[in-house]
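The values are calculated or read from the model by the stated rules, or taken from the named source; none is laboratory data. Worth saying up front: this structure is predicted, and the values here are computed from it rather than measured. Virtual Cβ from ideal backbone geometry, glycine too; neighbours counted across all protein chains shown.
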């Protein structure tokens, strides 16, 4: 599907008709079935995904993550498709594991030295 997304990007940015036809021809030569058929259906407007409804998407996501967390995410993002794309785990060859950086004093306190937490008060300058 990344190839198809790249094709769409290039089609949008290509002004000439012959250039667009060459892009489409090259794509269909390089891609195997069934992706070729799905791309043709999408380009001609014949792709019908009637069985994918918002309720089904909510159910699928709720099975994979906490429904309350999904509800908060959906409220924050405001769009169901965008929320699902952000919370859906990547799989396959393009998956990149996301590891959060360790919490270090440098991340918590951007100043060169962390604040004094020894319980002593700083002298007031009054």
* Residue match in the stretch 46-62 (condition: at positive phi and modelled with pLDDT of 60 or more) -> no
* Asked: So which residues in the stretch 14-37 are in a helix (DSSP H, G or I), free of Cβ contacts under 8 Å to residues at least 12 places away in the same chain and either within 21 Å of the chain's Cα centre (by Cα) or surrounded by 10 or more Cβ atoms within 10 Å (Cβ to Cβ) (or both)?
  -> 19, 20, 21, 22, 25, 26, 36, 37
* Structure fact -> residue 58 vs (1) closer than 28 Å to residue 6 by Cβ; (2) part of a helix (DSSP H, G or I): all pass except (1)
* Can you tell me which residues in the stretch 70-118 are more than 28 Å from residue 2 (Cβ to Cβ), at pLDDT 55 or above and outside any loop (DSSP other than H, G, I, E, B)? -> 71, 72, 75
* Answer yes or no: is there a residue in the stretch 40-56 that is touching a residue at least 24 places away in the same chain (Cβ under 8 Å), in contact with a helix residue (DSSP H, G or I) (Cβ under 7 Å, 6 or more places away or on another chain) and surrounded by 14 or more Cβ atoms within 10 Å (Cβ to Cβ). => no
